[in-house]
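Participant: Okay, handing you the structure first.
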């Protein structure tokens with residue numbers, strides 16, 4: 001067993017995976033024996049939510065069992081720090097209207113499944129609306145990653161067995177950690193980073209390691225390139241109507257990223273989604289304005305522009 005040093009997580013997740021795959025391939029060239037399937041990567045995605053019940057607490061489960069829709073929605077959002085970041089971008093009136101629509105759809109989707117144990121309701125909400133999209137970026141960029149992912153935690157028989165069991169045993173990674181102890185010693189002899197409030201790792205954590213959920217936000221080169229593209233869109237009136245979007249907010253967010261002060265990429269992603277939707281629904285928009293934006297995108301991406309599928 002050996003450790004590999006990869007680039008820190010920055011930019012799109014799939015690029016970090018691709019970087020790790022490249023590092024792995026380089027390391028096995030000098031290994032005494034090649035792996036049996038070098039193009040197959042074991043991926044633990046889905047374990048924390050599907051098995052460890054991340055994003056859930058006993059309080060959330062109990063509220064689901066009481067079928068208190070309003071209280072469950074409030075506690076679920078509060079615990080997971082979920083919000084609608086685009087409300088800052090929208091003009092008054094539109095922001096309140098869309099927030100109300102999202103809230104209603106959130107509650108409808110939360111209670112769409114009808115399991116025998118209502119405590120499973122928020123678990124199924126996460127499976128259908130978070131986990132089912134978890135691997136989209138890996139699948140869409142499989143030709144660039146050049147590896148296939150083996151994801152046992154997404155196996156339908158495994159998930160069916162978990163979903164049929166009493167949910168209370170899984171919260172906080174309780175059963176997950178018990179299960180690890182049944183494997184050979186190397187599996188549970190390596191320290192892992194536990195989620196806040198979950199069962200702690202029984203193995204001492206080496207000194208000097210960075211805590212994932214408490215680190216300062218990094219600004220990757222991709223974040224700055226994206227901010228520059230969005231700045232171009234914000235200054236193009238045909239890309240987004242002023243009666244709906246507050247362009248000054250998008251401009252300020254882009255400027256803070258470019259200055260290296262703070263990372264508001266999540267806000268610019270919302271701006272980009274609104275702008276793209278507007279342009280697609282209004283094909284008669286000013287062609288010259290759109291050309292300037294596309295030209296700026298070409299300059300900022302250079303040869304890294306990914307082909308359209």
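Participant: Which of 230, 240 comes first, and how do the rest follow, when ranked by fewest Cβ neighbours within 10 Å?
Facilitator: By the 10 Å Cβ count, ascending: 240, 230.
Participant: Can you compute the modelled spin-label distance between residue 207 and residue 248, with each label point 7 Å from Cα toward Cβ, in nm?
Facilitator: Reported label-point gap for residue 207 and residue 248 is 5.1 nm.
Participant: Take every Cα-Cα pair in region 64-191 and report what % of them are more than 27 Å apart.
Facilitator: For region 64-191, the share of Cα pairs beyond 27 Å comes to 40 percent.
Participant: Okay, next question. Given Cα pairs under 8 Å that are at least 6 residues apart, what percent is the relative contact order of region 121-259?
Facilitator: 12
Participant: Where does region 61-135 land on Rg/Rh, using Cα atoms and the Kirkwood Rh?
Facilitator: 1.01
Participant: Apply 1/(1 + (r/R0)^6) to the Cβ-Cβ distance of residue 128 and residue 84, taking R0 = 22 Å, and write down the FRET efficiency to the nearest 0.05.
Facilitator: 0.70
Participant: Arrange 187, 239 by Cβ neighbour counts within 10 Å, fewest through most, would you?
Facilitator: Listing 187, 239 from fewest to most nearby Cβ atoms yields 187, 239.
Participant: Under a crude label model (7 Å from the Cα following the beta-carbon direction), how far is residue 70 from residue 199 in nanometres?
Facilitator: Rounded to a tenth, the inter-label distance reads 3.8 nm.
Participant: Let me know the shape class of region 64-105, please: from the alpha-carbon gyration tensor, a ≥ b ≥ c as square roots of the eigenvalues, rounded when a/c is under 1.5, otherwise prolate if a/b is greater than b/c, or oblate.
Facilitator: It is oblate, given that a/c is not under 1.5 and a/b is not larger than b/c.
Participant: Something else now. Please work out how much length the chain gains when fully extended from residue 148 to residue 16, using 0.36 nm per residue of separation minus the C-alpha to C-alpha distance, in nm with one decimal.
Facilitator: Between residue 148 and residue 16, full extension yields 46.0 nm more.
Participant: Take residue 280 and residue 137, extend 7 Å from each Cα along the Cα→Cβ direction, and tell me the distance between the two endpoints in nm.
Facilitator: Between residue 280 and residue 137, the simple spin-label model gives 1.9 nm.
Participant: For residue 99 and residue 190 in one chain, what is 0.36 nm times their gap in residues minus the Cα-Cα distance, to one decimal in nm?
Facilitator: Full extension from residue 99 to residue 190 adds 28.3 nm.
Participant: Grab the Cα-Cα distance for residue 112 and residue 28, subtract it from 0.36 nm times how many residues apart they are, and report the gain in nm with one decimal.
Facilitator: 25.5 nm
Participant: What order do you get for 225, 91 when you list them from fewest to most C-beta neighbours inside 10 Å?
Facilitator: 91, 225
Readers should treat all values here as calculations from the given coordinates under stated rules, not as data from a laboratory. These numbers were taken from a predicted model, which means no experiment stands behind them. Positions of Cβ are backbone-derived with ideal geometry, glycine not excepted, and every protein chain shown enters the neighbour counts.
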